[in-house]
Amino acid sequence: MDFKYPPEVEAFREEFRTYLDRIVTPELKAAMARSHDQTPPEVHAFWRQMGADGYLGFGWPKEYGGGGKSVLFLHAFNHEMGYRNLPVPVVTLNTVGPALMRVGTEEQKQEFLPRILRAEIEFAIGYTEPEAGTDLASLKTSAVRDGDEWVINGRKVFTTGAHQADYLWMAVRTDPDAPKHRGISLLIVPLDSEGIEVQPFHTMAGHRTNLTFYDNVRVPASALVGEENRGWYYMTTQLDFERVAISPIPQMERIVNSIKELFKDGLGPDETWTRSALASMIADLNVLQVLDMKTAAIVANGDVPLAEASMLKVLSNEFKLRHLADVVQMLGEPSLLATGSSGGLIDEWGQSYEGQLRGSSVNLFGGGSNDIQRDLMAIHGLGLPR
Amino acid sequence: MRFQDSDTQKLLRETTRAFLADKFPHARLYAIEKGENPLTADEVRGFAELGWLGLTVPENKGGAGATLLDAAVVIDEFGYAAVPAPIVVTIVASQLLASVEAAPEHLSQLTEGTAIYTVSAATRRRGPIRYGTLAGAAALSMNNGTLTGTLPLVPFAGIATFVLAPLTVDGEPAFGLIPLVGARIEPVRVLDRASTAHVHFDGASANGAILLATGPAAVEMHELCDALMTGFSVVETGGLMRRVLEMSTTYISNRVQFGQPVAKFQAARHRAAELLMQSESARWAAYHAIWRLEEDPSDRREIWLAKHWSNRAGPRMFELAHLLHGGVGVGLDYPLHLYTQWLESAAVQAGTQNEMTNRIVEEAVPSAGKLATAAR
Ligand SMILES: Cc1cc2nc3c(=O)[nH]c(=O)nc-3n(C[C@H](O)[C@H](O)[C@H](O)COP(=O)(O)OP(=O)(O)OC[C@H]3O[C@@H](n4cnc5c(N)ncnc54)[C@H](O)[C@@H]3O)c2cc1C
């Protein structure tokens with residue numbers, strides 16, 4: 001056993017912190033604290049700056065213009081971004097880019113990868129449908145070949161970003177007769193194509209997502225990603241650098257640090273429950289940090305952290321919600337006030353506690369429901385019969 | 001013993017449920033949440049016509065003379081319907097007003113709905129606000145006929161005519177009925193999205209203010225106020241919980257994934273069963289505590305116990321219900337969030353876990369000695 005973090009990664013972390021201190025302006029922070037409906041221009045400018053400075057495709061292989069940095073560097077990168085609540089164009093960078101590298105045509109790679117790295121284009125993900133959530137493979141939106149074109153019909157839900165992105169990375173059924181996992185393909189669909197309707201869906205988390213409708217939408221045959229009917233396989237196999245995705249752990253560290261700061265003048269003698277709850281929070285966080293390192297180390301050593309990734313997801317998302325509920329309990333009624341109400345409590349990154357609490361409802365089922373993750377742990381971690 | 005509504009309670013529950021379902025459908029609640037169509041004073045007067053506001057006021061003082069448990073049934077239904085209305089504060093105010101002889105005309109105005117009463121719920125005797133700028137705000141005081149200071153986070157201050165609140169008069173503790181007419185009302189947005197405001201008295205005239213109690217009697221009235229607020233809030237929370245349970249079980253029974261209702265998956269059934277355990281225990285503990293208080297107004301122990309349980313059960317139910325609902329449940333045009341955000345709020349309002357812990361342990365282990373309190 002050797003738990004030392006490589007010194008070169010630590011050195012990078014320092015360098016990256018200094019970099020962020022320099023380029024994260026008060027204007028950017030203020031823009032982030034505003035409405036989430038539209039990515040503000042300040043955020044786009046920030047991404048373009050990061051792209052120009054080589055940080056956006058930091059974990060991408062060098063042959064695609066990336067930094068070719070190993071997983072541990074990427075882990076440090078994600079940590080610093082998450083701690084500061086800084087947005088990362090996650091789906092474009094972590095889902096679309098890597099899949100294109102793996103199975104995209106030369107033409108698609110040329111067309112999209114450099115522009116992704118320069119933060120010039122954004123993708124939305126169109127997987128979920130009204131009847132295909134956890135059971136994603138039962139999706140029905142169809143694409144039928146008509147000469148040199150695909151004709152798309154159907155509807156998607158929770159198509160986040162579709163109202164402002166350039167392209168949709170879309171899962172469609174191309175073979176209705178095949179077993180459900182074997183009839184799905186991926187298409188790249190320009191969002192300004194005729195026949196697409198986007199309706200807002202507002203959430204308690206404060207973000208906008210969308211309902212999207214597709215009525216005889218036509219895209220060229222070249223919109224197909226990889227082989228026809230192999231979409232499910234592309235959607236579920238991940239590259240290493242996708243496995244150390246943004247996690248809630250850095251945000252949880254920020255939450256703990258922010259209340260430690262509020263408590264710096266000491267706790268009152270009647271804050272008895274707070275002591276015990278705070279101790280639990282800090283102990284939870286420690287466990288998460290250790291498991292998080294373990295997961296990153298498994299990837300860095302070339303193995304696949306199947307059960308570990310599920311474990312981390314379940315624990316971190318459930319703890320995050322419980323920690324926030326405990327934090328408002330510790331801080332009392334002022335922490336129930338929304339941003340902009342006088343007397344409210346806001347952390348140093350402009351986040352209200354009530355806002356973070358509402359937001360954490362989404363983590364429980366997004367990206368694979370926690371109860372499905374528990375099944376995966378039983379199967380992959382414990383080898384229990386399916 | 002009978003863990004069931006009496007005939008009167010059954011009738012009260014049915015009429016309350018029908019009325020609220022009719023007047024406050026979810027579409028109206030979304031509008032209230034967005035601040036587009038807030039609850040009006042006229043609507044509160046409508047509650048008076050139904051006899052809800054003066055429900056527990058003795059008949060010889062113009063009320064319906066119902067029991068606290070009867071009032072709890074109505075309050076439970078307000079929670080079940082997630083209607084953010086001044087029902088808990090009105091019942092609490094009526095109990096406090098009925099406990100003294102000082103303000104008989106106010107009891108009849110309250111009962112008739114000709115004036116609207118609220119309670120300064122956030123100025124708890126045992127739960128001072130410690131963090132943020134509100135912690136430094138001056139407490140309410142009355143000197144030479146004027147009022148100064150702030151009552152933070154007063155429920156429904158925007159439509160109320162009077163607030164019942166602790167204050168100091170020439171440095172001595174008092175508990176008073178204060179007109180809101182001369183106050184500056186600063187609306188704020190709270191997690192539960194119920195109408196709430198900070199109330200500032202910047203030298204307002206104390207004309208019309210009535211001191212309901214002074215000295216040790218005021219301290220006792222403040223304690224009673226806190227106990228009633230806590231007890232009835234837990235009842236209201238129990239109503240929210242029952243609805244969250246119902247919504248979740250209905251949802252997973254109808255939602256099909258992998259070719260079958262989600263309710264057929266054992267993991268999901270277990271989640272639903274846990275929602276049942278949490279809500280049933282919270283709800284009956286609340287009713288039982290109100291019954292104890294009614295039997296012996298000095299017996300508040302179970303109120304603190306019920307709140308301690310409820311403070312844990314609410315956030316747990318938030319987690320389970322959102323897990324079971326998936327993406328649909330977080331939509332602002334889907335009702336679940338109205339209930340779950342209120343559950344999280346309620347766990348902090350009307351008695352935090354720190355306050356409950358101290359009260360419970362002091363009572364259970366007197367030899368541990370009284371913990372220091374920081375009374376305002
Ligand atoms: C804010 C937000 C943004 C999103 N953004 C996107 C996006 O950009 N693109 C996109 O494609 N999708 C997106 N999604 C959709 C997201 O991926 C889905 O919400 C998720 O896959 C869960 O699907 P569902 O909501 O239909 O829940 P359901 O599938 O209905 O599941 C609900 C619950 O049912 C239970 N359940 C289901 N199956 C089982 C089982 N087999 N065993 C036990 N329990 C089970 C679980 O408790 C689960 O949590 C977004 C969702 C939200 C809320």
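Which numbered condition trips up B:Pro152, out of (1) within 11 Å of another protein chain (Cβ to nearest Cβ); (2) in a loop (DSSP other than H, G, I, E, B); (3) not hydroxyl-bearing (Ser, Thr, Tyr)?
The failed condition is (2).
One residue is enough: does segment A:239-248 have a residue meeting the conditions surrounded by 18 or more Cβ atoms within 10 Å (Cβ to Cβ), within 16 Å of the ligand (Cβ to nearest atom) and not hydrophobic (A, V, I, L, M, F, W, C)?
Yes; the residues of segment A:239-248 include at least one that is surrounded by 18 or more Cβ atoms within 10 Å (Cβ to Cβ), within 16 Å of the ligand (Cβ to nearest atom) and not hydrophobic (A, V, I, L, M, F, W, C).
Examine segment A:301-314 for a residue that is within 16 Å of the ligand (Cβ to nearest atom), of a type in the set (Lys, Arg) and at the interface with chain B (Cβ under 8 Å from one of its Cβ atoms), and state whether such a residue exists.
No, there is no match, as no residue in segment A:301-314 is within 16 Å of the ligand (Cβ to nearest atom), of a type in the set (Lys, Arg) and at the interface with chain B (Cβ under 8 Å from one of its Cβ atoms).
Residue under question is B:Thr196, and the condition is that it be under 29 Å from B:Gly35 (Cβ atoms), polar (S, T, N, Q) and out of contact with any strand residue (DSSP E or B) (no Cβ under 6 Å at 6 or more places or on another chain); does it hold? Give the derivation first.
Working: under 29 Å from B:Gly35 (Cβ atoms): yes; polar (S, T, N, Q): yes; out of contact with any strand residue (DSSP E or B) (no Cβ under 6 Å at 6 or more places or on another chain): no.
It is false that B:Thr196 is under 29 Å from B:Gly35 (Cβ atoms), polar (S, T, N, Q) and out of contact with any strand residue (DSSP E or B) (no Cβ under 6 Å at 6 or more places or on another chain).
Can you tell me which condition A:Thr272 does not meet? The list is (1) surrounded by fewer than 20 Cβ atoms within 10 Å (Cβ to Cβ); (2) more than 24 Å from A:Gly366 (Cβ to Cβ); (3) out of contact with any Ser or Thr (no Cβ under 7 Å at 6 or more places or on another chain); (4) within 14 Å of chain B (Cβ to nearest Cβ), and all the others hold.
(3)
Condition first: buried (at least 20 other Cβ atoms within 10 Å of the Cβ) and away from the ligand (no atom under 13 Å from the Cβ). Now tell me which residues in segment A:197-215 satisfy that.
We begin by selecting, within segment A:197-215, every residue buried (at least 20 other Cβ atoms within 10 Å of the Cβ); these are A:201, A:203-205, A:209-210, A:212, A:214.
A:Tyr214 - this is the single residue of segment A:197-215 that is buried (at least 20 other Cβ atoms within 10 Å of the Cβ) and away from the ligand (no atom under 13 Å from the Cβ).
Checking B:Gln260 against (1) within 13 Å of the ligand (Cβ to nearest atom); (2) in contact with a helix residue (DSSP H, G or I) (Cβ under 9 Å, 6 or more places away or on another chain); (3) farther than 24 Å from A:Ala277 by Cβ, only one condition comes out false. Which one?
Result: B:Gln260 passes all but (2).
For segment B:233-278, give me the residue count where each residue is β-branched (Val, Ile, Thr), surrounded by fewer than 24 Cβ atoms within 10 Å (Cβ to Cβ) and in a helix (DSSP H, G or I).
Keep residues of segment B:233-278 that are β-branched (Val, Ile, Thr), which gives B:234-235, B:237, B:244, B:249-250, B:252, B:256, B:262.
Filter once more, so that each one left must be surrounded by fewer than 24 Cβ atoms within 10 Å (Cβ to Cβ): B:249-250, B:252, B:256.
Still in the list and also in a helix (DSSP H, G or I): B:249-250, B:252.
The number of residues fulfilling the criteria is 3.
Would you point out which residue out of A:Pro176, A:Pro200 is closer than 26 Å to A:Tyr233 by Cα and either free of Cβ contacts under 8 Å to residues at least 12 places away in the same chain or of a type outside the set (Phe, Trp, Tyr) (or both)?
On the way: A:Pro200 fails: closer than 26 Å to A:Tyr233 by Cα.
Just a single option satisfies the conditions, and that option is A:Pro176.
Testing A:Ala119 on (1) out of contact with any Gly (no Cβ under 7 Å at 6 or more places or on another chain); (2) not in a helix (DSSP H, G or I), one condition comes back false. Which one is that?
A:Ala119 satisfies every listed condition except (1).
Taking the residues in segment A:144-165 that are surrounded by 16 or more Cβ atoms within 10 Å (Cβ to Cβ) and in contact with a helix residue (DSSP H, G or I) (Cβ under 9 Å, 6 or more places away or on another chain) as candidates, determine which candidate is nearest to A:Ile116 (Cα to Cα).
If we take residues in segment A:144-165 being surrounded by 16 or more Cβ atoms within 10 Å (Cβ to Cβ) and in contact with a helix residue (DSSP H, G or I) (Cβ under 9 Å, 6 or more places away or on another chain), then A:Ala165 is nearest to A:Ile116 (Cα to Cα).
Quickly run through segment A:341-385 and pick out the residues that are small (Gly, Ala, Ser) and assigned to a helix (DSSP H, G or I). Quick ask: steps written out before the conclusion?
Filtering segment A:341-385 down to residues small (Gly, Ala, Ser) leaves A:341-344, A:350, A:352, A:355, A:359-361, A:366-369, A:378, A:381, A:383.
Selection gives A:Gly355, A:Gly359, A:Ala378, A:Gly381.
Conditions (1) closer than 26 Å to A:Lys320 by Cα; (2) touching a Gly at 6+ places or on another chain (Cβ under 9 Å); (3) modelled with pLDDT under 95; (4) among the basic types (Lys, Arg), marked per residue:
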position	(1), (2), (3), (4)
A:Val219	no, no, no, no
A:Glu227	no, no, no, no
A:Gly231	no, yes, no, no
A:Met235	no, no, yes, no
A:Gln238	yes, no, yes, no
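For A:Gly147, work out the one condition from (1) under 22 Å from A:Met235 (Cβ atoms); (2) in the same structural domain as A:Val225 (by TED's automatic domain parsing); (3) away from the ligand (no atom under 16 Å from the Cβ); (4) not acidic (Asp, Glu) it doesn't fulfil.
Result: A:Gly147 fails condition (1) only.
I'd like the full set of residues that are more than 7 Å from every other protein chain (Cβ to nearest Cβ), β-branched (Val, Ile, Thr) and either touching a residue at least 12 places away in the same chain (Cβ under 8 Å) or touching a Leu at 6+ places or on another chain (Cβ under 6 Å) (or both), limited to segment A:332-368.
If the condition is that a residue be more than 7 Å from every other protein chain (Cβ to nearest Cβ), β-branched (Val, Ile, Thr) and either touching a residue at least 12 places away in the same chain (Cβ under 8 Å) or touching a Leu at 6+ places or on another chain (Cβ under 6 Å) (or both), then A:Thr339 is the only one that fits.
So for segment B:165-173 (the condition being within 14 Å of chain A (Cβ to nearest Cβ) and either part of a helix (DSSP H, G or I) or among the polar types (S, T, N, Q) (or both)), does at least one residue qualify?
Our first condition is that a residue be within 14 Å of chain A (Cβ to nearest Cβ); within segment B:165-173, this holds for none.
Checking segment B:165-173: not a single residue is within 14 Å of chain A (Cβ to nearest Cβ) and either part of a helix (DSSP H, G or I) or among the polar types (S, T, N, Q) (or both).
Residues that are among the basic types (Lys, Arg) and surrounded by fewer than 18 Cβ atoms within 10 Å (Cβ to Cβ), at least 1 per element: which helices (runs of 4 or more DSSP H) completely within segment B:34-123 meet that? Even if it seems obvious, please write down each step before you answer.
Working: elements: B:41-49, B:68-80, B:87-98, B:104-112.
Qualifying helices (runs of 4 or more DSSP H): B:41-49.
For segment A:234-254, state whether one or more residues are among the small types (Gly, Ala, Ser) and part of a helix (DSSP H, G or I).
No: segment A:234-254 contains no residue that is among the small types (Gly, Ala, Ser) and part of a helix (DSSP H, G or I).
Tell me, please, whether a residue that is β-branched (Val, Ile, Thr) and either under 26 Å from A:Gly367 (Cβ atoms) or assigned to a helix (DSSP H, G or I) (or both) can be found in segment A:24-35. Talk me through it step by step, then tell me what you get.
Filtering segment A:24-35 down to residues β-branched (Val, Ile, Thr) leaves A:24-25.
Checking which are either under 26 Å from A:Gly367 (Cβ atoms) or assigned to a helix (DSSP H, G or I) (or both) leaves us with none.
Checking segment A:24-35: not a single residue is β-branched (Val, Ile, Thr) and either under 26 Å from A:Gly367 (Cβ atoms) or assigned to a helix (DSSP H, G or I) (or both).
Quick one: which of A:Ser352, A:Ser335, A:Ser342 is away from the ligand (no atom under 16 Å from the Cβ), of a type in the set (Ser, Thr, Tyr), under 25 Å from the mean Cα position of the chain (by Cα) and over 20 Å from A:Val287 (Cβ atoms)? Reasoning before the result, please.
Working: A:Ser335 fails: under 25 Å from the mean Cα position of the chain (by Cα); A:Ser342 fails: under 25 Å from the mean Cα position of the chain (by Cα).
Answer to the selection: A:Ser352.
Can you confirm whether A:Met281 is in contact with a His (Cβ under 7 Å, 6 or more places away or on another chain) and at pLDDT 95 or above? Don't jump to the end; show me each part of the working.
On the way: in contact with a His (Cβ under 7 Å, 6 or more places away or on another chain): yes; at pLDDT 95 or above: yes.
Considered against the rule, which asks whether it is in contact with a His (Cβ under 7 Å, 6 or more places away or on another chain) and at pLDDT 95 or above, A:Met281 comes out as yes.
Could you look through segment B:321-359, keep only residues that are more than 7 Å from chain A (Cβ to nearest Cβ) and part of a loop (DSSP other than H, G, I, E, B), and pick out the one that is surrounded by the most Cβ atoms within 10 Å (Cβ to Cβ)?
In this case the residue turns out to be B:Ala350.
Given the conditions (1) among the aromatic types (Phe, Trp, Tyr); (2) outside any loop (DSSP other than H, G, I, E, B); (3) under 19 Å from the mean Cα position of the chain (by Cα), report the number of the one that A:Phe58 does not fulfil.
Every listed condition holds for A:Phe58 apart from (2).
Would segment A:117-124 turn up any residue that is in contact with a strand residue (DSSP E or B) (Cβ under 9 Å, 6 or more places away or on another chain), under 24 Å from A:Ile23 (Cα atoms) and surrounded by fewer than 22 Cβ atoms within 10 Å (Cβ to Cβ)?
Of segment A:117-124, the ones in contact with a strand residue (DSSP E or B) (Cβ under 9 Å, 6 or more places away or on another chain) are A:121-124.
With under 24 Å from A:Ile23 (Cα atoms) added as a condition, the list becomes A:121-122.
Retained after the next criterion (residues that are surrounded by fewer than 22 Cβ atoms within 10 Å (Cβ to Cβ)): A:121-122.
Within segment A:117-124, one or more residues are in contact with a strand residue (DSSP E or B) (Cβ under 9 Å, 6 or more places away or on another chain), under 24 Å from A:Ile23 (Cα atoms) and surrounded by fewer than 22 Cβ atoms within 10 Å (Cβ to Cβ).
Every residue, every condition in (1) in contact with a helix residue (DSSP H, G or I) (Cβ under 7 Å, 6 or more places away or on another chain); (2) more than 14 Å from every other protein chain (Cβ to nearest Cβ); (3) within 16 Å of the ligand (Cβ to nearest atom), yes or no:
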position	(1), (2), (3)
A:Val91	no, yes, yes
A:Ala99	yes, yes, yes
A:Arg118	yes, yes, no
A:Ser142	no, yes, no
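Checking A:Leu168 against (1) crowded, with 18+ Cβ neighbours inside 10 Å; (2) assigned to a loop (DSSP other than H, G, I, E, B); (3) away from chain B (no Cβ under 14 Å): exactly one of these is not met. Which one?
The number of the failed condition is (2).
Looking at (1) on the phi < 0 side of the Ramachandran plot; (2) within 11 Å of chain B (Cβ to nearest Cβ); (3) at pLDDT below 95, can you tell me which one A:Gln329 breaks?
The single condition A:Gln329 does not satisfy is (3).
The values are calculated or read from the model by the stated rules, or taken from the named source; none is laboratory data. Computed from a predicted model, the values in this text were never measured in an experiment. Methodologically, a virtual Cβ is constructed for each residue, glycine included, from the backbone with ideal geometry; neighbour enumeration extends over all protein chains shown.
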